[in-house]
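The structure appears right after this line, and notes come after that.
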Amino acid sequence: MSTLALTMPSSAIDQDWRRVLRWGLICGGVLVALCLVGMPVELDRRELIERYLSLGYVSILLIPIVIGRIAATQVVLEGFESRKQGLFDLVTGLLVGIFGGTCLTLLIVALDSWNLRDPLVNWSPKLFRFLTYENGIGFGAMAWIVTCGLLGMLGAASHVVPTIVRRVSATVVLSLLGLSVLEGAVDDLSEGFGLDWLTDLLYAKKGGLTLTSTFVAGAVIAVVAVLTSGRVKALTTSYREKEGAERQKASMILFVVVAVLCIVLPMFLGKIMNELLANVGLFLLLALGLNIVVGLAGLLDLGYVAFFAVGGYTTAVLTSPNSPFFAPEMHFGFALVFVVIFAIIIGLVIGAPVIRMRGDYLAIVTLGFGEIIRLLFMSDWLSPYFGGAQGITNIPGVNLGFATVKGTDPRSVFYLVLFFCAIAIYVSWRLQASRLGRAWMAIREDEQVAEAMGINTVSCKLMAFVVGAVMAAFSGAVLAAKVGSIFPTSFMILISIIILVVVIVGGMGNIAGVMVGSFVLIGVLGGPKQPGLLQEFQNFKLLIYGMLLVFMMLKRPEGLVPSARRSRELHQEEFLQDAWLKGDKLGADDDDGETVGDDGGEEE
Amino acid sequence: MPTHAVSTKSAKRLVAVDRFLTFIRVFLVTMIVIGLLAFVWQQIDADNPFARWRNPGARGLTGAQFKGLLISGLSQGSMYGLIALGYSMVYGVLGFINFAHGEVFMVGAMTGFVASDKFAANGMWESNFLLCLVLIMLMAIFFSTFTAVLMERVAYRPLRNSPRLIPLITSIGVSFFIQNLVLGLFGPSTKSYPRLPEWLSAQRSVPPEQIPWPDALTFQVGGTRLLVLVVAAVSMAGLWYIVERTKTGKAMRAVAEDKEIASLMGIDVNRTIVTTFAVGGAMAGVGGILWGLMFRSVTHMTGFLPGVKAFTAAVVGGIGNLGGAMAGGISLGSAESIAPLLILEPLGVPGVSQLKDAVSFTVLVLVLLFRPSGLFGERLSSEERA
């Protein structure tokens, strides 16, 4: 290819100016939108470094860094010689940042001169004080333009400085951020392990790191980062490159470590953290079920919450003494049998009509079913049986003989959820490699070919629906026992969508991915009603969920922890291109078909 | 059959599913027929044993009530139709459900609220209503179109060639994002549009009393509903003109038919797709204003249900088929407003008006079970048809 290496077209500089303008506008737009949504003011209450820095300012300051970095990323065109990165990129970052800062300044001026509080709820003196740092317009304007410009340059500089510097500084900043943002969790953990003195040293009384501890912790992290630099990456790549039995062994070790952590850790955790883990478990159970339906079988079920509702209501009716029509007050264990039966029935009833529809029609129709089920539970028509909008209350906990699982004791709930999750993980893992699992994947990739290969697509898809339904119903049952009451509003469509985000962000079709997804999203951001570690984000998490979904679909549709097969499917074109380029570099004069065949051979 | 031994077992299961589907079809049709018969019986003889057994308090509908329901169904349906046009056009051209289209509609309604609230504050709303109406409509069209076009540019264009479900999932994310952005900007409270001027919202009879016309066919229509119907009809006519009579419309139809061939014929496919989104967005903006005028309340969630129902309307009319979308919207709106009282109440279901939404979802399932290509037939591009 060397003969084809050309210089960039002469209009490259023009292109770059347009780039600066575009990213500058984006930067400004994002900053202003953030301010008007009210995020920085709300987050301002949370101190990160005592008296110096709040989460609110960090949320704003991160934007120019990130956008500066993106704006300075070079577009590498294959066959064109790429320019060496340097001063030019720094200027790009600077200009983008200044652009963003100017937009903020304009916002400050606008805040000062007009009152738009009426439609825009966050157009407040509070925002003005936040933006001007209580120092008047002039100071605010200067400060934002200069800071944003410098930060944009910093972002751009990350392309220019040596890798080690970039990596170490990123590690330091991110870990300090984590340390200060996750103060509650760190506190709770250290209390459990009897390390209170450490956190007392680290954090100020009113919250936030103290200035000294920031520097000390930063230095320690920097040293550790320099020492371990490259090792972590080497470890993960070596794990990725392992194959066959060796890989399985490594996975087993990882799995055992996680399992032991899951069993041991809650004993040392406080109530809030255990509650959080229990919520993560509930959503993990749901996500594992949806992973089978969406991730393996490729059926986009948006009404997945219906099965969750079925599980919850079945448990409530069968165990609660307050069930309005029929109250056998069964034991949770017996009720579970009926939960499974009803989940299977509803799975079949909802599945049968939709199974032959086109993929996207299926999504909307299942969404419709999800709404119908909620509306029915809510209606006057069925309220004599299910309590209508008042729901069913007074659902007893799970009496295990030696212990009772109740919402007031989140640790016990967590262990109950863990038990169900373990079953679900085992089932999904065994199913994945089974005949049925492979049939699902074949259907996902091409239904007609799968059918031609002798797979009974209808019954396979129904099986996916049923298995997913049972898992969701288990989750619903645990929710009923945990919360002690069930209302139709507990089963909004929102839940389906959040679970979908969890599955997609984690990695469709991959159990480990789904686990990571639910820990990261539900654990950190929180579920629809359940708070996560970052309680300050309560009002913004749905916005973030939406953004994440779009972002993941655009940039990384295979998820954080991709399943190998799925990512190959999504990036088929790139793989083919790579194979073609590889074949070309080797100087082989074969036709394309041959090289593509090579790539196909590796898939086994 | 060479695969005889393998297929017997699966064939049996297939039959089971088919039988179940047949059962569902027969069951639903039977319920509808029983409900209708009970309704008719009730109309003829209010004291019939069936009505008393199922629903002691049941009363029939008077002709005026029935006409009122029909009109409210029509006006609501015409809004569904306006939104459905956007779904239908995008599906026709790109082959995916733009789930966020309901949000475009919501943005229109929200813009209308912000503007009309300001107009009401300085008195212009009362003194010069028609001008205000035109202005808020233009603003709503602008912002809805802007949202739709931006959406296409940022979220959908990079995904043009990806597997079908990917853009759908993205559009769910976009919808979620816009909802919560609007929530963050304007707060969670319900916004109410200013009251319409008296002369507009008064009841009128259609056709006017001056014209000799049988009483049974005269409708008493609220002025707002009349306005909704008229504006919807005018915008529909405008859309029809654009799509069928202009060069842009021709390009749109060509791209919907076959993108590759269209580009070979010198049509700028990207620009045409943007136009499609823009026109759909404009229609949704008009729909949003009409919604605001009629129900006078908007929240950030306003777009969700009308969006899903409008999609249902598009499917009912046959996706990709513009006339079908409008007709589908009107039939869905009427079904939603009449069916609960006509079918469910005679069957003895209490609180039927709560089940309005359930009815429209049932209509969706019914249409997809009986006639997946819609009442008036689909018009999809050659790739989608495969």
Shape descriptors of region B:48-196 over alpha-carbon atoms, Rg and Dmax in angstrom, are 20.8, 64
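Taking N as the number of residues in region A:413-477, what value does Rg over Cα atoms divided by 2.2 N^0.38 Å take?
Normalised Cα radius of gyration, region A:413-477: 1.31.
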Of the convex hull drawn through the C-alpha atoms of region A:500-580, the volume per residue in Å³ is 79 Å³
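Just need the relative contact order of region B:127-267 here, percent rounded to a whole number, with Cα pairs under 8 Å and 6+ apart.
The normalised contact order for region B:127-267 reaches 11 percent.
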Spelling it out for B:Ser297: with amide H atoms placed in the peptide plane at 1.01 Å from N, the residues 5 or more places away or on another chain with amide H under 5 Å from its amide H are B:Tyr193
Within region A:365-433, DSSP-loop chymotrypsin sites (Phe, Trp or Tyr not before Pro) with at most 12 other C-beta atoms within 10 Å are A:Phe402
The B/A contact buries a total accessible area, at probe radius 1.4 Å and rounded to the nearest 100 Å², of 4900 Å²
Under the 7 Å Cα-to-Cβ spin-label approximation, A:His331 and B:Leu37 lie apart by a distance in nanometres of 5.0 nm
Phi angles of region B:267-284, converted by Karplus (6.51 cos²θ - 1.76 cosθ + 1.60, θ = phi - 60°) into ³J(HN,Hα) in whole Hz with x for Gly and Pro, give 8, 7, 5, 4, 5, 5, 5, 4, 4, 4, 4, 5, 5, x, x, 4, 4, 5
Here the gain from full extension of A:Tyr239 to A:Tyr426, 0.36 nm per residue of separation minus their alpha-carbon distance, amounts to 65.1 nm
Computed on Cα atoms, Rg of region A:111-186 relative to 2.2 N^0.38 Å comes out at 1.57
Excluding ligands, DNA and RNA, the carbon-plus-sulfur percentage of the accessible area of region B:258-386 with a 1.4 Å probe reads 62 percent
Low-density loop chymotrypsin sites (Phe, Trp or Tyr not before Pro), region A:165-229, at most 14 other Cβ within 10 Å, DSSP non-H/G/I/E/B, are A:Phe193
With R₀ set to 45 angstrom, the calculated FRET efficiency between the beta-carbons of A:Ile263 and A:Arg358, to the nearest 0.05, is 0.50
Given unit charges at Cβ for Lys, Arg (+) and Asp, Glu (-), the dipole magnitude of region A:403-496 about its Cα centre in debye, nearest 20, is 340 debye
One can check that the equivalent ellipsoid of region B:249-358, built from the alpha-carbon gyration tensor with semi-axes equal to the square roots of five times its eigenvalues, has lengths in Å, largest first, of 36, 17, 10
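Grab the eigenvalues of the alpha-carbon gyration tensor for chain A, scale each by 5, take roots, and send me the semi-axes largest first in whole angstrom.
Result for chain A: semi-axes of 43, 35, 25 Å.
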The percentage of the accessible area of region A:463-531 (probe 1.4 Å, all protein chains present) made up of carbon and sulfur atoms, to the nearest whole number, is 81 percent
Checked against a 26 Å limit on the C-alpha separation, the offending pairs among B:Lys191/B:Lys309; B:Lys118/B:Lys309; A:Lys271/A:Lys541 are B:Lys118/B:Lys309
Here region A:527-544 yields Karplus 3J(HN,Hα) values (6.51, -1.76, 1.60; θ = phi - 60°; whole Hz; Gly and Pro given as x) of x, x, 10, 7, x, x, 5, 8, 5, 5, 7, 2, 7, 10, 5, 5, 4, 5
Largest-first semi-axes in Å of the equivalent ellipsoid built from the Cα gyration tensor of region A:254-328 are 28, 23, 9
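Go ahead and estimate [θ] at 222 nm for chain A from helices alone: -39,500 (n - 2.57) per DSSP H run with n ≥ 4, summed, over the residue count, rounded to 500. Mind dumping the intermediate values first?
On the way: 27 runs with 415 residues, N = 604.
Rounded to the nearest 500, the figure is -22500 deg cm²/dmol.
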Hits in region A:247-284: amide N under 20 Å from the 7 Å Cα→Cβ extension of A:Phe402, namely A:260-269
Taking the alpha-carbon centre of each part, the distance from region B:78-142 to region A:409-478 in Å is 43 Å
Both in Å, the radius of gyration and Dmax of the C-alpha trace of chain B are 23.1, 81
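Please compute the average number of Cβ atoms from other chains found within 10 Å of each residue's Cβ in peptide A:446-459.
2
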Amide H neighbours of B:Arg204 at under 5 Å, excluding residues fewer than 5 places away on the same chain, with H built from the backbone geometry, are B:Val221, B:Gly222, B:Gly223
For the pair A:Leu177 and B:Ser201, the simple spin-label estimate (label points 7 Å beyond Cα toward Cβ) gives in nm 5.0 nm
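Which translational diffusion coefficient, to the nearest whole µm²/s, is obtained for region B:108-176 from the Stokes-Einstein equation, given a Kirkwood hydrodynamic radius over C-alpha pairs, 20 °C and 1.002 mPa s?
Roughly 153 µm²/s, to the nearest whole number.
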A correct Karplus calculation of ³J(HN,Hα) over region B:124-133, with 6.51 cos²θ - 1.76 cosθ + 1.60, θ = phi - 60°, whole Hz and x for Gly and Pro, returns 5, 4, 6, 6, 9, 4, 4, 4, 4, 4
With R₀ set to 45 angstrom, the calculated FRET efficiency between the beta-carbons of B:Met124 and A:Trp17, to the nearest 0.05, is 0.55
Sorted by chain and then number, the residues having a modelled amide H within less than 5 Å of the amide H of A:Leu560, at least 5 places away or on another chain, are A:Gly506, A:Gly507
In units of 2.2 N^0.38 Å, the Cα radius of gyration of region A:188-254 is 1.69
Distance in Å, no decimals, from the C-alpha centre of region B:204-267 to the one of region A:233-293 is 57 Å
Between the residues A:Tyr545, A:Tyr203, A:Gly507, the Cα farthest towards the positive end of the dipole of chain A, that dipole coming from +1 and -1 charges on the beta-carbon of Lys, Arg, Asp and Glu, is from A:Tyr203
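Would you work out what percent of the accessible area of region A:190-328, with all protein chains in place, is carbon or sulfur (probe 1.4 Å)?
The value for region A:190-328 is 71 percent carbon and sulfur by accessible area.
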So, with points 7 Å from each Cα along the Cβ direction, the B:Asp45-B:Gln65 label distance in nm works out to 2.0 nm
Given the candidates A:Gln572, B:Ile273, B:Gln42, the one whose Cα lies deepest towards the positive end of the charge dipole of the protein assembly as shown, counting +1 at each Lys or Arg C-beta and -1 at each Asp or Glu C-beta, is B:Gln42
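So for chain A, averaging the separation of alpha carbon pairs under 8 Å that are six or more residues apart and normalising by length, what relative contact order in percent results?
Values: 907 pairs, mean separation 84.3, N = 604.
The normalised contact order for chain A reaches 14 percent.
For the protein assembly as shown, give the magnitude of the charge dipole about the Cα centre (Cβ charges: +1 Lys/Arg, -1 Asp/Glu; no others), in debye to the nearest 20.
So the dipole magnitude of the protein assembly as shown works out to roughly 1080 debye.
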Chain B: relative contact order from alpha carbon pairs under 8 Å, six or more residues apart, as a whole percent, is 33 percent
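Residue by residue through B:161-167, how many Cβ atoms from other chains fall within 10 Å of the Cβ on average?
5
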Farthest towards the positive end of the dipole of the protein assembly as shown, among B:Val15, A:Pro125, A:Leu284 and with Cβ unit charges of +1 on Lys and Arg and -1 on Asp and Glu, lies the Cα of A:Pro125
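The values are calculated or read from the model by the stated rules, or taken from the named source; none is laboratory data. The structure displayed is predicted, hence computed values, not measured ones. For neighbour counting, all protein chains shown are included, and Cβ atoms are generated from backbone atoms with ideal geometry for every residue, glycine included. Ligands, DNA and RNA are stripped out before the accessible areas are found, and what is left, the full protein with its side chains, is counted by its heavy atoms. Shrake-Rupley method; radii C 1.70, N 1.55, O 1.52, S 1.80 Å.
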